[in-house]
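Quick notes on the structure that follows.
The values are calculated or read from the model by the stated rules, or taken from the named source; none is laboratory data. The structure presented is a predicted model; accordingly, all values stated were derived computationally and were not measured. Cβ coordinates were reconstructed from backbone atoms using ideal geometry, including for glycine residues, and neighbour counts include every protein chain displayed. Ligands, DNA and RNA are excluded from the accessible area calculation, which covers all protein heavy atoms including side chains. Shrake-Rupley method; radii C 1.70, N 1.55, O 1.52, S 1.80 Å.
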Amino acid sequence: MSDYFNAFEMSPVPTPGPDAVPPEPFRGIYGMPAFVTIPTSDLAASVDFWTRGLGFFDLFSIPGQLVHLRRWAFQDVLLVSAASVPEQAPAMSFSFSCVLSQVDSLVEACRALRPASVNGPTDTPWNTRDVEVITPENARIVFTAAKPFDPDSQEARNLAAIGITPPSDGRGDNGEHA
């Protein structure tokens, strides 16, 4: 018996597929269940890269101190003014979901702003296509797009081997778990 259940209705991430449409930027105010705080020594340059390269928007700002950026619901970043930033990116990364149709344009936009900032795209054993971006603050950000699920693929066998099987076709199928 698995403790996993279908709860896809909670997520803004669309069902994977080549024609998946990303959700609109989310401008609502909510209690953030998680967010990343990134120090920057050049707030304007950071905001420019995150908005033009990574597709975030400025939800609100405290001039010279903080900019709250967002893409989809639950994709929040706080850029905070700092005297300095690390000289190189850490091994740790922070990941954001995207859809397959966004991968190429994200790579192009980031490379146009900072040519050496992108690694990938790379297909993973867990059925995603990932792009790693090193931002002006030397943050390691990964954009990850789920690929369409093929039950006969090696990726499906990889997931099944650790007990993860595809949810039923219907959303909202979480019964007593809700």
Counted residues in the range 53-70 being crowded, with 21+ Cβ neighbours inside 10 Å and β-branched (Val, Ile, Thr) come to 1
Can you name the residue in the range 139-154 that is part of a strand (DSSP E or B) and small (Gly, Ala, Ser) and, of all such residues, is least open to solvent (accessible area, probe 1.4 Å)?
-> Ala145
Among the residues of the range 115-138 satisfying the criterion of being touching a Ser or Thr at 6+ places or on another chain (Cβ under 6 Å) and either in a strand (DSSP E or B) or open to solvent by 50 Å² or more (accessible area, probe 1.4 Å) (or both), which is farthest from Ser84 (Cα to Cα)?
-> Thr128
Complete set of residues in the range 35-48 that are touching a strand residue (DSSP E or B) at 6+ places or on another chain (Cβ under 9 Å) and open to solvent by less than 60 Å² (accessible area, probe 1.4 Å) | Val36, Ile38, Pro39, Thr40, Leu43, Ser46, Val47
Residues satisfying the stated conditions in the range 52-74, i.e. at negative phi, out of contact with any helix residue (DSSP H, G or I) (no Cβ under 9 Å at 6 or more places or on another chain) and in contact (Cβ under 8 Å) with a residue 60 or more places away in the chain | Trp72, Ala73
Inspect the range 83-102 for any residue being loosely packed, with under 13 Cβ neighbours inside 10 Å and without any contact (Cβ under 8 Å) to a residue 12 or more places away in the chain and give the result as yes or no.
-> no
